Amino acid sequence: MSVRALAPLTDITHIFYVTRASRHGWSNAEARAVNHAMLSSVLSAVVPNAPDLKHIALQSSRNQSADPFQPPVWGAFSEDGWLGPYSEDTLIDGIATRVGAVTWSVHRPATILGFSPRSSRNLVSSLCVYAAICGKEGAVLHRLLHEWVAAVQGIWAAMMASPNEAFNCGNGDVFKWKQLWSMLASHFGVRWAGYEGEDQRFKLEEAMVGKEPVWAAIVKENRLVETELEEDITTWWLVDAVINADKEHVETMNKSKEFGFHSFYDAVRCFDTCIRRMKASRIVP
């Protein structure tokens, strides 16, 4: 399908590839095989047929530099560390016939916070839905990167004078998730329980079982855009994995700064902006 659709587009000059297939329970090998096939399909269609192609920017992940199944690494993650199950070698192999004419860059963001109307992998929408359900049921809110930076870094890399590099991609600040809970609660008119101790942690994947009718009622009462809880805007297991991680992740942006990229975004303000956009678009109440 990709070859038939893309091969006729001979005037492509830049590719910004941000697609990644993932499924709960996949092994690294399974994820790598699927994503390798997807990217290879695009490259095989475009590279031979677009004579003016200049640059390909691939967005991978922080997990490219940090194995989530191994003990934590002391110090900030740098670009030359452990290499994981992403398709960076697929990119380099895919442009081998155009070496010198086509440059590349790789961007490795951490958790991305952004506005996405229908994306079940969006942490912001999942947390907003959780808070809205708490408000509907009169429950207390228990504890549990901005897209702009990732996009700007990709454009910057495509135009800079030193190509063929991989870069970490983060907001440029350091924050803890506990900084966001009171803000989330205030946006949805619920009370935040505060820190209750490590033994009081709970999993949203378990707590949100059977909440589809509650969400349907919220959508109807507030005249929201119709969405299915489990298919369109939430992925509870992913939120659990990110929020309840027992490791602190800090990636260094030093390489990007040395090459001239200095954009940043305050994570707390980013979270607030994303919630406001979700509400303004009538995705959440």
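Annotations for the structure displayed:
- Screening region 239-271 for residues that are touching a His at 6+ places or on another chain (Cβ under 8 Å) and not hydroxyl-bearing (Ser, Thr, Tyr) and picking the one that is modelled with the lowest pLDDT gives Ala267.
- A single member of Ala45, Ala57 is surrounded by 16 or more Cβ atoms within 10 Å (Cβ to Cβ), assigned by TED's automatic domain parsing to the domain that holds Gly94 and either of a type in the set (Ser, Thr, Tyr) or more than 20 Å from Ile155 (Cα to Cα) (or both), and it is Ala45.
- Flag for Ser120 being in the same structural domain as Met278 (by TED's automatic domain parsing) and either more than 26 Å from Ala57 (Cα to Cα) or at pLDDT below 75 (or both): yes
- The residues listed here are Leu91, Leu43, Leu113; of these, the one that is at pLDDT 85 or above and on the phi < 0 side of the Ramachandran plot is Leu43.
- Trp236 vs. criteria at pLDDT 85 or above, within 22 Å of Ile112 (Cβ to Cβ) and touching a helix residue (DSSP H, G or I) at 6+ places or on another chain (Cβ under 7 Å): yes
- Qualifying residue in region 214-224 (condition: out of contact with any helix residue (DSSP H, G or I) (no Cβ under 8 Å at 6 or more places or on another chain) and either closer than 19 Å to Thr111 by Cα or in a loop (DSSP other than H, G, I, E, B) (or both)): yes
- Test set (1) within 30 Å of Glu258 (Cβ to Cβ); (2) modelled with pLDDT under 85 - Lys54 fails condition number: (2)
- Whenever a residue of region 48-73 is farther than 30 Å from Asp11 by Cα, its partners that are in a helix (DSSP H, G or I) and modelled with pLDDT under 85, lying with C-beta atoms within less than 8 angstrom and at least six residues away or across chains, give the pairs Gln64/Glu88.
The values are calculated or read from the model by the stated rules, or taken from the named source; none is laboratory data. On a predicted model such as this, the values are computed, not experimentally measured, just so you know. As a convention, Cβ positions derive from the backbone with ideal geometry for all residues, glycine included, and neighbour counts pool all protein chains shown.
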